[in-house]
1. Summing -39500 (n - 2.57) over the DSSP H runs of n ≥ 4 in the chain and dividing by its residue number, what mean residue ellipticity at 222 nm do you reach, to the nearest 500 deg cm²/dmol?
2. What pairs from Lys2/Lys240; Lys127/Lys159; Lys39/Lys201; Lys167/Lys197; Lys127/Lys167; Lys2/Lys131 go past 25 Å between their alpha carbons?
3. Mind listing the Cα extents of the range 1-138 along all three principal axes, in Å, largest one first?
4. By per-residue mean of other Cβ atoms within 10 Å, what is the highest-first order of 139-147, 118-126, 62-70, 18-26?
5. Obtain the radius of gyration and the Kirkwood radius of the range 24-100 from its C-alpha atoms and give Rg over Rh.
6. Quick one: compute the contact order of the chain, relative version, from alpha carbon pairs under 8 angstrom and 6+ residues apart, as a percent.
7. Compute a Gaussian network model of the chain, connecting alpha carbons closer than 10 Å, and tell me which residue from Thr11, Thr184, Thr76 fluctuates the most.
8. Out of the chymotrypsin sites (Phe, Trp or Tyr not before Pro) in the range 145-247, which ones are loop residues according to DSSP with at most 13 other C-beta atoms within 10 Å?
Amino acid sequence: MKFSGKNVLITGSSRGIGAEIAKTLAEYGLKVWINYRSKPELADALQNEIQSLGGKAAVIGFDASDEEAFIQAISTIVESDGELAYLVNNAGITNDKLALRMKMEDFTSVLDANLKSCFIGCREALKIMSKQRKGSVVNIASIIGERGNAGQTNYAASKGGMIAMTKSFAYEGASRNVRFNSVTPGFIQTEMTEHLKPEVKDYYLQSIPLGRLGNPREIAESVAFLLSDGASYITGETLKVNGGLYM
Ligand code: NAP
């Protein structure tokens, strides 16, 4: 895959899908900025792993829903590398409950971690990338933002919001050659899905045409494509990576 930019920031990349995106993009030759919120040891271990394979990686800790901290992190990256070529808004949480039992705090905490962080990242990236006259952003939304789910009104609202917001940013960035796209994973094997009840997992396994959960590398490859020069005419798109679960 061809990349005309040199570096990328991936929020929430100390583990799970974000960590796999970091490894994959480092393999494709980008310098990856690994972001953690609470576990620096995981981010450091990932940096060592990437560097031991000959890749370029740096670690930057901040809470992606904290506006000031996110702005500061982007300015640190631009000061260090002279650019921010790519951004992946991947940080996200769940806090599942039936809506009748969902407190406002359960709702707003998920909106903050998922949607607010994505807005801050897209807005700050657009500022920098507009000046560069090039850039590409991928937002990790979810199949739940497309089809909804019982017990996930907060998460569905945040991810559906990300999909719509991505398209709006795509309109605003287009004249400056800044592209915004979303990837909507289905059920992917990470800590987030590890805690699902076996009967829920079985139900989904039977419903997925490809007959298995996805793996993080399959998300990472889609992200790499959308960031790359190969996707130079794609903006405002929502790429479903779900084994056919929702077509
Ligand atoms: P995960 O294993 O739970 O990892 C989530 C990552 O996000 C962690 O590195 C976590 O860091 C970080 N994070 C959370 N809130 C943050 C914040 N405010 N600031 C910075 N980092 C933060 O989740 P995952 O399965 O890899 O999911 C990654 C993304 O894919 C999420 O946006 C998720 O909604 C989406 N997704 C996942 C699936 C799936 O099946 N797994 C399906 C659809 C969409 P800490 O360790 O520091 O908390």
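1. Estimated from H runs of four or more residues: -14000 deg cm²/dmol.
2. Pairs exceeding the cut-off: Lys39/Lys201; Lys167/Lys197.
3. Its Cα atoms span 50, 34, 26 Å along the three principal axes.
4. Result, highest mean Cβ count within 10 Å first: 18-26, 139-147, 118-126, 62-70.
5. Result for the range 24-100 is an Rg/Rh of 1.04.
6. It rounds to 21 percent for the chain.
7. Its mean-square fluctuation being the largest, the pick is Thr76.
8. Loop-located and lightly packed - Tyr233.
The numbers here are math on the coordinates, done by the rules we state, and not lab data. Everything numeric here is computed off the predicted structure, so don't read it as measured data. So basically every Cβ, Gly included, is an ideal-geometry build from the backbone, and we count neighbours across all protein chains shown.
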